[in-house]
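Since the structure comes first, as structure tokens, the remarks are kept for the end.
The values are calculated or read from the model by the stated rules, or taken from the named source; none is laboratory data. The shown structure was predicted, so the numbers you read here are calculated from the model rather than taken from an experiment. No Cβ is skipped: glycine too gets one built from the backbone with ideal geometry, and neighbour counts run over all protein chains shown. Side chains are part of the model used for accessible areas, which takes the heavy atoms of the whole protein and leaves out ligands, DNA and RNA. Shrake-Rupley method; radii C 1.70, N 1.55, O 1.52, S 1.80 Å.
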Amino acid sequence: MSVSFEVMDGVALAAIDRPPVNAIDASIRAGVRDAVKKAAADPHVKALVIACRGRTFLSGADLSELGAEIQPPGYRETLDAIETSPKLVIAALHGTALGGGLELAMACHYRCATPSARMGMPEITLGILPGAGGTQRLPRLIGARAALEMMVSGAPITADRALELRLIDEVVGDDPIAGGLAYARRLIAAGATPRRTRDVAVSAELSEAEIAGVLEAAARALKGRTTQHDLVKLVRAAVQTPFDRGLDLEADLSAASLKTNESLALRHVFFAERECARIPGVAEPPSALPIRRAAVIGAGTMGGGIAIALADAGVSVTLVEVGKEALDKGLAGIRATYDGSLKRGRITKDALDERMGLIRGAVGLEAAADVDLVIEAVFEDMALKQSILKKLDAITPKHAVLASNTSSLSVTELGAATARPEQVIGLHFFSPANVMRLLEIVRGERTSLQTIATGLALGKALRKVGVVVGDGFGFVGNRMMLDGYFREAELMLLQGVAPERIDDVMENFGFAMGPNRVNDMAGVDVGTKVRIELAKRERRAPPYHVVSDALTPLGRLGQKVGKGVYRYEPGDRTARHDPEVDALIAKLAKEYGVAQRAVSDAEIEERCVLSLVNVGADILNEGLAYRAS
């Protein structure tokens, strides 16, 4: 039974227990509805506490119900029963109360939470709208603007912030059931009566300026998205219309949102990310090795970013370079990154000091002699990487995992340079390594399952999406980018399309950054070095990245030197058109016989996106990816 019911000294407890995360399904809705009816019918009961066992309060709706016919009782029936109960109904929150879980709590008359509880309305991250009254109850509890901000961002808030907003009424101890029961008894003693959220008037109208401010703050995260505009309509309805009419509008818009391409795509991504850690044929992977101490070889942009990611996860890191000057520059870059985070309010001074304290610099590979994991992050050169891994093999403890941050080289060949190829793995971070969520975990031919399990566990600890991929040129991410997306973008450059047009079209499509801006950010020379290594194994017919590979010997390496595909002013990352690059492209187009022609925005989008699709199909057929998702 998902919901138990018991009465203790005049207070009833409906305890929900549906591991692992108490996702709401028909059994929970029915159990809660029945508990409300039992409490109302019992003359000895003065209040009902709704709480959860396990590690969290209701984490949201069971996602398997999305788009399917909801089995009765529905959310509206269940929440109406709670809200109209003649007895006090108190929600006691802990862990994460998200989406439908928070909507249920808002239908209760009073709410308390443990200090570590988090509350949020994350539906927008799946491209859908709340459908259980959240858009109508949240503005009534915390005001229209705060409600819109919370739903548009999708980010959870702390218990302290929820108390400040009056989303909850009290912060209790760490035990939600004990705290909820005690709070209920205090309410009874104070003579409290049912307080229905539906009867509360929204405190303030939303001005156009306020709406614009909320949408602008989320514009980057919601580029190409539409759900936020329906949220505005629903919050306005909460302000301007009766409660039931607002619920009707919410029901219509929520149902419609489930059918949009936006929602279907985001839900596909959500389930794909959950699935990607599962290795076909491996039902019970071996235990991961604990990673307490790590070393990163190379203090450049990638090495520094990896060191930050490890320190952010609480791992002690030794950053290793061949000389003091390069090491000092790398450490200074790490400090500047943390200072920037502090300035923007993303971390506290104490957190900055703690994380910097986890990172120490050293000259010489011998500094990696006592680690559980070492990640080499030097530039793409097979001989250099093999040499480093061979030396690390002799220096590091026998249990240590040897990882390469290679973006394209064979992990099998790298592992062959060591006496422990089963403990060699690719950990391909994407730039900037401390920010980007994707971590490709590259499986060489002799990489052991335990080493792969360790890579997956590390990715989880770093809060990244760890994806196990096969050992082929560029793996999955860079193969799709280099063989598909970037190649097509460079061909369009040769055909006379301005780089900013290509970038603008792809950013309007929804990419965070267009291909030419990405090229400059990552470093134009990085791709050139990859292609030099590729050419040792196989040859691509020209024109194949001839623009980038012509920029590299000219020293146009991207943002780091102030010029690449674009030019940049000192201290400013704004990409500016550069006529010198136009002249170079025209020369290359003539040399390779590429005709100039008109290319529409629609063609730019189709060529870039469909090239990714086509190369993705090749990768799947070759077995570099386990599954299409």
_Given 4 °C and 1.567 mPa s, compute D for segment 511-629 with the Stokes-Einstein relation, Rh being the Kirkwood radius over Cα pairs; round to the nearest whole µm²/s._
79
*Average silhouette area of the chain, convex hull of alpha-carbon atoms, in square nanometres*: 30.6
*Mind ordering 49-58, 183-192 by average Cβ neighbours within 10 Å, highest first?*
49-58, 183-192
*Send over the semi-axes of segment 362-448's equivalent ellipsoid, whole angstrom and largest first, taken as the square roots of 5 times the C-alpha gyration tensor eigenvalues.*
19, 15, 13
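Given 25 °C and 0.890 mPa s, how large is the Stokes-Einstein diffusion coefficient of segment 1-111 in µm²/s, with Rh as the Kirkwood radius over Cα pairs?
180
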*Could you let me know the centre-to-centre spacing of segment 548-601 and segment 1-58, using Cα atoms, in angstrom?*
64
*What ³J(HN,Hα) values, in whole Hz, does the Karplus curve 6.51 cos²θ - 1.76 cosθ + 1.60 give for segment 316-328 when θ = phi - 60°, with x put for Gly and Pro?*
6, 10, 10, 9, 10, 9, 7, x, 5, 4, 5, 5, 4
_Give me the tail of P(r) for segment 15-68 as a percent: Cα-Cα pairs with distance above 18 Å._
39
*asked:* Taking a cut-off of 23 Å, what percent of all Cα-Cα pairs in segment 185-301 are separated by more than that?
replied: 64
*Which peptide among 332-339, 439-446 comes first, and what is the full order, when sorted by highest mean count of other Cβ atoms within 10 Å?*
439-446, 332-339
*Of the heavy-atom accessible surface of the chain (probe 1.4 angstrom), what whole percent is carbon and sulfur?*
55
_Mean accessible surface per residue for segment 52-208, computed with a 1.4 Å probe while every protein chain stays in place, in Å²_ = 36
*With both partners inside the chain, how many of the DSSP beta bridges are antiparallel, as a percent to the nearest 5?*
25
*Do the sum for the chain: with -39,500 (n - 2.57) for every DSSP H run of n ≥ 4, divided by all residues, what is the mean residue ellipticity at 222 nm, to the nearest 500 deg cm²/dmol?*
-14000 deg cm²/dmol
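Hey, can you find the accessible area per residue of segment 347-445 for me, probe 1.4 Å, expressed in square angstrom?
Per-residue accessible area for segment 347-445 comes out at 39 Å².
Which pairs in the list Lys385/Lys464; Lys385/Lys590; Lys529/Lys590; Lys343/Lys560; Lys329/Lys587 are over 29 Å apart, alpha-carbon to alpha-carbon?
From the list (Lys385/Lys464; Lys385/Lys590; Lys529/Lys590; Lys343/Lys560; Lys329/Lys587), the Cα-Cα distance tops 29 Å for Lys385/Lys590; Lys329/Lys587.
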*asked:* Test of understanding: what is the full-extension gain from Asp244 to His44, defined as 0.36 nm times their sequence separation minus their Cα-Cα distance?
replied: 68.8 nm
*Report, largest value first, the span of the C-alpha coordinates of segment 294-350 along each principal axis, in whole Å.*
34, 21, 17
*So which lysines can Lys37 reach, going by Cα to Cα under 21 Å and dropping same-chain residues fewer than 8 places off?*
Lys46, Lys87
